[in-house]
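Here the structure comes first, spelled out in structure tokens, and everything after it is commentary.
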Amino acid sequence: MGLGSPCTRRDFVERALLATAAVAGVRARAQTTPFRAAATPVIDITDLYHPAQDPGDNFDLVAAYGLPEVDLRAVILDVTERYRHDVPRDAGYIPVMQLNALFDRRVPCAAASSRPLRALDDAAEDALGIQQWGVELLLDTLRLAEAPVDIVSFGSARPLAIALNREPELLLAKTRLVHLCAGSCDTGPLEWEWSDLEWNVDLDPLAFIRILRSDLPIALYPCATAQGPFSYGAHNCYYRLEDLRFIRDLPRGLRQYLLYALSASGRVDFLRVLEEEPEADVLDAVCARGHHVWETAVWAQVANRRIAQSPGGPWRLTPASEVGDDHHLLPNELLPCEWEIDDRAWLRWQPVAGETRRWMYDRGDPMANEAALREALPALYRSFGEALDSP
């Protein structure tokens, strides 16, 4: 009608989708975040649920928002159908919306196909419409990226495998590095009661095989050793926090987010809860518990941070640019390697000296790593809280 600037239906839909993606999981075009132009662009694939299945996923997603070196472009929710029915549970749209509110962001999210691959080349074209949106969001984010993106994967490799099966050239052109947190650093079956495969691999073995046999550049951070997922080796990334007392030191919103997740709250007023003071019994119970962690090594690599100790000081996850010659460092490295993966999803790897597109995580002494991160991770989360509190 000649009033104002013309707005096509496509323009309107794209604007509406960006505004609502994190709430409803609708198909969204990825947004750029120019206020973090110098940071590493990242797509986060996570088996995040609400209520939490493993609250560590809710806990660790804070790093994607809090680290200033990370430009979080999209969250892809990796849902496995069999875990939606043991208790009332669904894809983790609510935790993403809570963090968007706390950090004043508009990171879009959507869920991917919940059924395991039927073949290595399965593109999951038959998935329900709402379960197509996660892979579509991943592909859209890559298309719009002005430079290659880091992809972190903390659940099954299924969303990434489906995307690769649909548009392999796009994945190869726009992926700087896949950080895959899954598997065992040892060849053969695991010694634990759930499966002879590590948890994330067992969610979709064919997807894991598909990605590790691909030409994508991949850094592998094994969650387990042959002794299981709660064991310690030089090449797996597991450690344990003795307690969560540091949550008491966080500002109200971030503290409430963590309590909401760690207590498996089912409250529907998930934004209002961030404004409340904690219930004393819930706070005491959560702070007293231990906590299993697998993702810190990945975020330290993506953010280019070092496990560093200044002379006479505590251990911290320090930006590489701030590490001095007098700092003591612990390894958090990626070793060039090559690997083979058989049809059972068992991996065999070895270091190499030449050019490669494969890297294996290495932390040296796992007990020294754990002791340092028990100091460094709480301090990192306190720094996120301080940033939220600053004007």
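The values are calculated or read from the model by the stated rules, or taken from the named source; none is laboratory data. Fair warning: this is a prediction, and the values are worked out from it, not measured in the lab. No Cβ is skipped: glycine too gets one built from the backbone with ideal geometry, and neighbour counts run over all protein chains shown.
Before moving on, here are some points about what is shown:
- Tallying residues that are closer than 16 Å to residue 48 by Cα and not in a loop (DSSP other than H, G, I, E, B) within the range 100-129 yields 4.
Conditions tested, residue by residue: (1) β-branched (Val, Ile, Thr); (2) touching a Ser or Thr at 6+ places or on another chain (Cβ under 8 Å); (3) more than 26 Å from residue 115 (Cβ to Cβ).
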| site | (1), (2), (3) |
| --- | --- |
| 162 | yes, yes, no |
| 204 | no, yes, no |
| 229 | no, no, no |
| 234 | no, no, yes |
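- Taken together, the residues in the range 235-271 that are more than 21 Å from the chain's Cα centre (by Cα) and farther than 27 Å from residue 90 by Cα amount to 8.
- Flag if residue 282 is of a type in the set (A, V, I, L, M) and under 20 Å from residue 63 (Cβ atoms): no
- Test: residue in the range 279-294 that is β-branched (Val, Ile, Thr), surrounded by 15 or more Cβ atoms within 10 Å (Cβ to Cβ), within 30 Å of residue 228 (Cα to Cα) and touching a Leu at 6+ places or on another chain (Cβ under 8 Å): yes
- Counting the residues of the range 233-261 that are of a type in the set (Phe, Trp, Tyr) and more than 14 Å from residue 66 (Cβ to Cβ) gives 3.
- Here is the figure for the range 166-204: residues that are surrounded by fewer than 17 Cβ atoms within 10 Å (Cβ to Cβ) and at pLDDT 95 or above total 7.
- Where a residue in the range 307-322 is farther than 20 Å from residue 366 by Cα and in contact (Cβ under 8 Å) with a residue 24 or more places away in the chain and its partner, wherever it lies, is surrounded by 11 or more Cβ atoms within 10 Å (Cβ to Cβ) and charged (D, E, K, R), with Cβ under 6 Å and at least six apart: 319/305
- Pairs, first in contact (Cβ under 8 Å) with a residue 24 or more places away in the chain in the range 343-364, second outside any loop (DSSP other than H, G, I, E, B) and surrounded by fewer than 13 Cβ atoms within 10 Å (Cβ to Cβ), C-beta under 7 Å, six or more apart: 348/340
- Boolean, residue 329 is surrounded by fewer than 19 Cβ atoms within 10 Å (Cβ to Cβ) and closer than 30 Å to residue 117 by Cα: no
- Any hit, the range 55-77, residues being over 17 Å from the mean Cα position of the chain (by Cα), at pLDDT 85 or above, of a type in the set (D, E, K, R) and not in a loop (DSSP other than H, G, I, E, B): no
- Residue in the range 106-122 that is under 30 Å from residue 232 (Cβ atoms), buried (at least 20 other Cβ atoms within 10 Å of the Cβ), of a type in the set (Val, Ile, Thr) and in contact with a strand residue (DSSP E or B) (Cβ under 9 Å, 6 or more places away or on another chain) present: no
- Listing of strands (runs of 3 or more DSSP E) fully contained in the range 311-374 that carry 2 or more residues being in contact with a Phe, Trp or Tyr (Cβ under 8 Å, 6 or more places away or on another chain) and not charged (D, E, K, R): 333-341, 347-351, 358-362
- Looking across the range 81-97, just one residue is closer than 13 Å to residue 47 by Cα, out of contact with any Phe, Trp or Tyr (no Cβ under 9 Å at 6 or more places or on another chain) and of a type in the set (Asp, Glu), and that is 81.
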